[in-house]
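K.L.:
Take this structure, written in structure tokens, and hold onto it; I'll ask about it next.
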Amino acid sequence: MTDLEITRRELLALRTKHGAETAIGHRCSNLIEMLDSMKTATGDRRAELAKNITDQMADLERLAAGESR
């Protein structure tokens, strides 16, 4: 299993845990779609996806930290 597959499974589990219709669930869904798109993206599209993934991960971490308080 690749790192990408592991990450995808972890995001699915997190979305299931928090619910798909929550802020955390939405970020997980966005990230899953972007990770899937990275498989075929090239050039500028790949760079755009990488930036968006970074932004979404930062949001997800912020949201998760708020939930644990």
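Where a number appears in this text, it was derived from the coordinates with a stated rule and is not lab data. What you see is a predicted model; the values in this text were computed from it and never measured. Quick reminder, even Gly has a Cβ in these numbers, built from the backbone with ideal geometry, and neighbours come from all protein chains shown.
K.L.:
Explain nothing, just compute: Karplus ³J(HN,Hα) = 6.51 cos²θ - 1.76 cosθ + 1.60, θ = phi - 60°, for every residue of region 42-59 in order, whole Hz, x for Gly and Pro.
P.N.:
Result, rounded to whole Hz: 9, x, 4, 5, 5, 5, 5, 4, 4, 5, 5, 5, 4, 5, 5, 5, 4, 4.
K.L.:
Kindly write out, for region 9-21 in residue order, the coupling ³J(HN,Hα) from the Karplus curve 6.51 cos²θ - 1.76 cosθ + 1.60 (θ = phi - 60°), rounded to whole Hz, with x marking Gly and Pro.
P.N.:
Those phi angles translate into 4, 5, 5, 4, 5, 5, 5, 5, 4, 9, x, 5, 9 Hz.
K.L.:
Taking N as the number of residues in region 3-67, what is its alpha-carbon radius of gyration divided by 2.2 N^0.38 Å?
P.N.:
Details: Rg = 11.8 Å, N = 65, 2.2 N^0.38 = 10.7 Å.
My calculation over the Cα atoms of region 3-67 gives 1.10.
K.L.:
Could you compute the FRET efficiency for residue 42 and residue 64, with r as their C-beta to C-beta distance and R0 at 22 Å, rounded to 0.05? List each step's numbers first, then the result.
P.N.:
Values: r = 31 Å, r/R0 = 1.42.
That pair, residue 42 with residue 64, gives E of 0.10.
K.L.:
Extending each Cα 7 Å along its Cβ direction at residue 13 and residue 29, get the distance between those two points in nm, one decimal.
P.N.:
Roughly 2.2 nm, to one decimal.
K.L.:
Counting Lys and Arg as +1 and Asp and Glu as -1, each charge on the Cβ, what is the dipole of region 3-67 about the Cα centre in debye, to the nearest 20?
P.N.:
Details: 10 positive and 12 negative charges, 19 e Å.
It works out to roughly 80 debye.
K.L.:
Continuing with this model, one more query. Compute the relative contact order of the chain as a whole-number percentage, counting only Cα pairs closer than 8 Å that sit 6 or more residues apart in sequence.
P.N.:
On the way: 43 pairs, mean separation 19.5, N = 69.
Normalised by residue count, the contact order of the chain is 28 percent.
K.L.:
What are the ³J(HN,Hα) couplings of region 35-41, residue after residue, when phi is run through the Karplus curve with 6.51, -1.76, 1.60 and θ = phi - 60°? Round to Hz, x for glycine and proline.
P.N.:
4, 5, 5, 4, 4, 10, 6
K.L.:
I've got another one for you. Suppose R0 equals 30 Å. What FRET efficiency, 1/(1 + (r/R0)^6) with r the Cβ-Cβ distance, do residue 52 and residue 1 give to the nearest 0.05? Mind showing how you got there, number by number?
P.N.:
Numbers: r = 24 Å, r/R0 = 0.81.
Once rounded, the FRET efficiency stands at 0.80.
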